[in-house]
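Have a look at the structure below before the remarks.
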Amino acid sequence: MKIITIRVPTKVTFFGEHGVVYGTHAIASTIPVYIDISGKLNKDSYNIVLNIKHGLQLTINNFLISKKNINEVKVEVEPEHVKKILNYVLTAISICEEVLDVNKSRYGYIITIDSPLPIGVGLGTSASVSVGISSLCLLLNDYIKNIEDHKYDIAKLAWSVEKSVQGSASPMDTYTISLGGLRYIDPLTLDAYTIETDYDMPIIIGYTNKTSSTTELIQKVRKIKEKNNRIFNSILSVIENIVNEAKEAFIKKDVESLGMLMNINHGLLRSLGVVDNRHDMLIHILREAGALGAKTSGAGGGGAFIALAPSKEIQERLIILLESLGAKIVSRSLYPNGVTFLKND
Ligand code: MEV
């Protein structure tokens, strides 16, 4: 029985989170932090067998669920982040089989997910799992022969998974992770253009504890919109301007402007109530210590941040400072690729 292994990058949002849920553009990029997913069809039974690894640690071993129960994911497992992964995995398999009418539930699956990051820290891990499992399901069932020619289909399928699990999600994370590189995303037309820039600029990507879920934060923003649509629309139009200015700044490799735009975008996220206070302090410390720009990245409520330094030396100094403050650093560069086929055993 063939075993397929897929490598899925995670991602960082540079500009435009939350606005992208309401139709404004956003800029996000894949980063070189990968979730590896391998799997084969389980021809002996109807069951899905899951192994989840977190680096060297095995967090769940031979977890078994019948495909009959796939739509009632009330699985009681600890820790919480494993339960979250299960939700995305089972929904992805269910949508893959349903939408594409593959396999007709004849077989189960044996899947191993190896993630260096916990799910839900704001770096697109849930979207990576959705993209990875969708790709795996399509490949194992011979619906597609390779990933390269089907990235938009995979992105679309994975986006349905995100919407189904979270209730609401923009296409930003799944399209960026599927296609890869720095992308300018139009959530209305589903275009995701590559932006040519310096992939080695001195950035720092990391995270702190997340205090609210993405779903809660999206709802919080929705309440502001419902309460005062006019003010909300004004904020959205500033976000749209920031994203468009940033696109030009990336092309010109104008890091000073990018830093300034990051700071303004952070201020707007704060005005939308999604920036955690301790996270905000960290962002301000980074700027005081020499960052050209620093912002919360992704849904907020703690979670991911991105900073831009004026030089590699200052980048190093900021990393030491961040680690001393308890932040986890995950990447200091962007990544040009999306989901890729790794091997066939
Ligand atoms: C999530 O990574 C970013 C948000 O904009 C939600 C979304 O785009 O679905 C907050």
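Since every read-out is calculated from the coordinates, none of them should be taken as a lab result. Predicted, not measured: the structure shown is a model, and the values here were computed from it. Don't worry about glycine lacking a Cβ; one is built from the backbone with ideal geometry, like all the others, and counts go over all protein chains shown.
Between the helical axis of 229-252 and the longest alpha-carbon principal axis of the chain there is an angle of about 90 degrees.
Compactness ratio for the chain: Cα radius of gyration over 2.2 N^0.38 Å (N = residue count) comes to 0.97. Over all pairs of different C-alpha atoms in the range 215-345, the reciprocal of the mean inverse distance, the Kirkwood hydrodynamic radius, equals 16.3 Å. For residue 342, the residues 5 or more places off, or on other chains, whose built amide H falls under 5 Å of its own are 5, 6, 7. Where a ≥ b ≥ c are the square roots of the eigenvalues of the C-alpha gyration tensor, would you call the range 197-252 rounded, which needs a/c under 1.5, or, failing that, prolate if a/b is larger than b/c, or oblate? In terms of gyration-tensor shape, oblate. Angle, helix 80-100 long axis vs. longest principal axis of the chain, Cα atoms, 0 to 90°, nearest 10? Around 60 degrees separate the two axes. Positive end of the dipole of the chain, charges at C-beta (+1 Lys, Arg; -1 Asp, Glu), about the Cα centre: which of 314, 301, 291 has its Cα farthest in that direction? Result: 301.
When peptides 260-269, 289-298 are ranked by their average number of other Cβ atoms within 10 Å per residue, the highest-first order is 289-298, 260-269.
Using a cut-off of 14 Å between beta-carbons, work out the net charge of the residues near residue 290 (Lys and Arg +1, Asp and Glu -1, residue 290 not included).
Counting the neighbours of residue 290, the net charge comes to -1.
For residue 253, the shell of other residues with beta-carbons less than 10 Å away shows a net charge of -2, using +1 for Lys and Arg and -1 for Asp and Glu.
Peptide packing: for 160-171, 26-37, the average count of neighbouring Cβ atoms within 10 Å per residue gives the ranking 26-37, 160-171, highest mean first. Arranged from fewest to most other beta-carbon atoms within 10 Å of their beta carbon, 207, 107 become 107, 207. Net charge in the neighbourhood of residue 161 (other residues with Cβ under 14 Å of its Cβ; Lys, Arg +1, Asp, Glu -1) is -2. Multiplying the residue separation of residue 345 and residue 241 by 0.36 nm and subtracting their alpha-carbon distance yields 32.6 nm.
About its Cα centre, the range 263-345 has a charge dipole of approximately 80 debye under the convention of +1 per Lys or Arg Cβ and -1 per Asp or Glu Cβ, with nothing else charged. For residue 337, nonlocal amide neighbours, meaning residues 5 or more places apart or on other chains whose placed amide H falls under 5 Å from its own, are 181. Result for the chain in a Gaussian network model with C-alpha springs under 10 Å: among 316, 240, 226, the largest mean-square fluctuation is at 226.
Return one number: the angle in degrees, 0 to 90 and rounded to the nearest 10, between the long axis of the Cα atoms of helix 214-227 and the longest principal axis of the Cα atoms of the chain. Approximately 50 degrees, to the nearest 10.
Per-residue ellipticity at 222 nm computed for the chain from its helices equals -13500 deg cm²/dmol, with DSSP H segments shorter than 4 residues left out and the rest contributing -39,500 (n - 2.57). Fewest neighbouring Cβ atoms within 10 Å first, the residues 238, 20 line up as 238, 20.
Relative contact order of the chain: 26 percent, from C-alpha pairs under 8 Å at least 6 residues apart in sequence.
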